[in-house]
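The values are calculated or read from the model by the stated rules, or taken from the named source; none is laboratory data. Since this is a predicted model, take the numbers as computed values, not measurements. Neighbour counts run over all protein chains shown; Cβ positions are idealised from the backbone, glycine included. Ligands, DNA and RNA are excluded from the accessible area calculation, which covers all protein heavy atoms including side chains. Shrake-Rupley method; radii C 1.70, N 1.55, O 1.52, S 1.80 Å.
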Amino acid sequence: MSNFIPIPKEFELDSPIQANQYLIDGKLIEWKGKMAEVNSSISSTKEYKPTYLGSVPELEEEQAQESLKAALKAYDQGKGKWPTMRVEERIHCMEKFVKAMETKRDIVVKLIMWEIGKNLPDAEKEFDRTVKYVYDTIEDYKQMDRNAAKFEKHDGVYAHIRRGPLGVVLCLGPYNYPLNETFALLIPALIMGNTAIFKPAKFGVLLITPLLEAFQESFPKGVVNIIFGRGRVLASPIMKTGHVDVLALIGNSKSANALINQHPKSNRLRLILGLEAKNPAIILPHADLDLAVKECISGSLSFNGQRCTALKIIYVHEDIKEEFLENFTAAVDAQKFGNPWDDGAFLTPLPEPDKPAYIQALIDDAEAKGAKILNKKGGQHFDNYIWPAVMYPVTKDMRVYEEEQFGPIIPVVYFTDINEPLDDMADSNYGQQVSLFGKDVEVLSPLIDTLVNLVCRVNLNSSCQRGPDVYPFTGRKDSAKSTLSVHDALRSFSIRTFVASKDNPENVKILEELLQHKQSSFISTDYIL
Ligand SMILES: O=C[C@H](O)COP(=O)(O)O
């Protein structure tokens, strides 16, 4: 069974991209060693065959150590040019970078589609959202500067608060948002005066290569270093040196923990982590079911469920389960499968070659333990597509109840007492978000009071999502460490330090003069800066 449609001309790639450069210490270096092939799970021919997109360097430990050396030199224990650079000069670098980045929209969007199978509207959204993220970061940073003007004293002591960098950041992003989530780490890290080593994810790696020059031309040497290759070969030796100050990673906790444990002084590490989640939807008897179906479709199946914020389990009240399931399964089967550029394609090929087999294993396990696939097309395979399967009734002994599936399988559980989903959430290792569907405020109000203590965002009659990026993005338990949003990330990647001075006329005069000076970090007496 195949739905092959020839690739439209405008989405064809001219020829495989041989991206043999990497960026260390301000130099774009030609790699003469082994290259890693980048393949797309999308076939260019009727007979299914992954498409060869190009190659990137498969660097070795030596290059990893050089990248660290460059980042350490540029930071120079806080004495370097970048961490001591004046605020407006750093803004200038970031503006230069984002302007250069904008010129690469076409190729980056095309590569997002080819490399990870994200559909055209979402690939464009990822690029545009990232550009906006950079501009908003610059704006927030300027706002910090504007806020830093007046001063007050507490109990006879003046304090000039500063917000400064933490050191060297190792930045590792995920495949599902290879541009946006990586930049949501890298950009705030850089603007706050840190230096960074960035290694792109295994899928969504080629799309970083058109941006290398923009990084090289916009930032002083060594401030940002971009290396390609396997995590075990590159990230591990960097961590083992003990010279990384911040691990910024969006991905899974297994990789995060392995890296943290390799750091000889891991208690000194600042962790900025976005990890797994198993966000539930809870559908109450008085919910608007049409709305619940619509939001559960986008919540569980946008980008085929490969989002940390995806709805990964649905709890539906017994009284409405039949009506909900009938409408929901019909809506799942009505979605359109296709290649990312096909008009209206909502479900697209999965980038990980082994993902369909994993989803099938979850289906087999649930079926063996008594659940059924409710939708007619559920679980159908063709090439690297697998039609989303709605599994019901799912119980605690099934793998799909517990595991973060990160793909197109939707477990549904029914409940009679609201404490059933609440207890499950309390027992879960995760605590990112929940979608709550209902209309009766008398019921919703106490429930929300509990839910906000179990997760970090309650989405009322709406699917779960990270954005808009002005809102805090975080989680409890194993779901996250630290908070990201434009505003929060600037704080997560920095530390408040301050100059204190006892109240006497001479000190006040010096402090006032200091406020007039242009500084490398903000000076403010606003102690919550
Ligand atoms: O994979 C996790 C992402 O942060 C989800 O972001 P999103 O809700 O904007 O799709």
| request: Sum up the charges of everything whose Cβ sits under 12 Å from the Cβ of ALA426, counting Lys and Arg as +1 and Asp and Glu as -1, but leave ALA426 out. | output: -2
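Residues of the chain: accessible area per residue at 1.4 Å, in Å²? Write down the numbers at each step before the final one.
Details: 22370 Å² over 529 residues.
Computed with neighbouring chains in place, this is 42 Å² per residue.
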| Can you list residues whose amide H is under 5 Å from ILE410's amide H, if they're 5+ apart or on another chain and H is modeled 1.01 Å from N? | ALA389, VAL390, MET391
| request: Note down the net charge around LYS396, summing +1 for each Lys or Arg and -1 for each Asp or Glu among other residues with Cβ under 15 Å from its Cβ. | output: -4
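Give the residue list of GluC sites (Glu not before Pro) in the range 1-51 that are DSSP loop and have at most 14 other beta-carbon atoms within 10 angstrom. Each step should come with its number before you reach the end.
On the way: sites: GLU10, GLU12, GLU30, GLU37, GLU47; in loops: GLU12, GLU47.
Loop-located and lightly packed - GLU12, GLU47.
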| query | So which of LYS240/LYS477; LYS32/LYS73; LYS81/LYS265; LYS294/LYS377 end up more than 22 Å apart by C-alpha? | reply | LYS240/LYS477; LYS32/LYS73; LYS81/LYS265
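Mind putting a number on the dipole of the chain about its Cα centre? Charges go on the C-beta only, +1 for Lys and Arg and -1 for Asp and Glu, and I need it in Debye to the nearest 20. Before the final figure, lay out each step's value.
Details: 61 positive and 71 negative charges, 412 e Å.
With Lys and Arg at +1 and Asp and Glu at -1, about 1980 debye.
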| field | FRET efficiency, LYS49 to ASN327 (Cβ-Cβ, R0 35 Å, nearest 0.05) | value | 0.35
| field | Part-to-part distance (alpha-carbon centres) for the range 62-96 and the range 200-230, which is given in Å | value | 15
| query | Rounded to the nearest 0.05, what FRET efficiency do HIS286 and LYS99 have when you use their Cβ-Cβ distance and R0 = 41 Å? | reply | 0.20
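Of the accessible area of the range 17-152, with the probe set at 1.4 angstrom, what percent is carbon plus sulfur?
51
What fraction of the Cα pairs in the range 37-162, stated in percent, has a spacing above 18 angstrom?
Numbers: 5799 of 7875 pairs.
The answer is 74 percent, as a whole percent.
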| remark: Taking a straight Cα-to-Cα line shorter than 21 Å from LYS9, and setting aside same-chain lysines fewer than 8 residues away, one finds LYS46, LYS49, LYS104, LYS110, LYS118
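Indicate the gyration tensor shape class of the chain (rounded, prolate or oblate), computed on the Cα atoms with a ≥ b ≥ c the square roots of the eigenvalues: a/c under 1.5 is rounded; otherwise a/b larger than b/c is prolate and the rest oblate.
oblate
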| message | At 1.4 Å probe size, what's the solvent-accessible area of ARG496? Round to the nearest 10 Å². | response | 120
| field | 14 Å beta-carbon shell around ASP290, net charge (K/R +1, D/E -1) | value | -2
| Taking LYS355 as the anchor, which aspartates and glutamates have their alpha carbon closer than 16 Å to its alpha carbon, excluding any fewer than eight residues away along the same chain? | GLU115, ASP364, ASP365, ASP383, GLU403, GLU404
| query | Using θ = phi - 60° and the Karplus curve 6.51 cos²θ - 1.76 cosθ + 1.60, what whole-Hz ³J(HN,Hα) does each residue of the range 237-244 get, with Gly and Pro shown as x? | reply | x, 5, 5, 4, 5, x, 9, 8
| query | In angstroms, what radius of gyration and Dmax does the range 365-412 have, counting Cα atoms only? | reply | 10.4, 31
| Unit charges at the beta carbon, dipole of the chain: most positive-side option, SER462, ALA310, GLY229 | GLY229
| message | Using a 1.4 Å probe on the protein heavy atoms, what percent of the accessible area of the range 241-326 belongs to carbon and sulfur? | response | 44
| said: Multiplying the sequence separation of GLN143 and ALA36 by 0.36 nm and subtracting their Cα-Cα distance, what value in nm do you get? | reply: 34.2 nm
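Once the convex hull of the C-alpha atoms of the range 1-51 is built, how many Å³ does it hold per residue, rounded to a whole number?
On the way: hull volume 5.8 nm³, N = 51.
Once divided by residue count, the hull of the range 1-51 is 113 Å³.
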| remark: One finds the C-alpha centres of the range 346-388 and the range 394-452 to be spaced, in Å, by 22
| request: Report ³J(HN,Hα) in whole Hz for each residue of the range 416-429, in order, from the Karplus equation J = 6.51 cos²θ - 1.76 cosθ + 1.60 where θ = phi - 60°; Gly and Pro get x. | output: 10, 10, 4, 5, 5, x, 5, 5, 4, 5, 5, 7, 5, 7
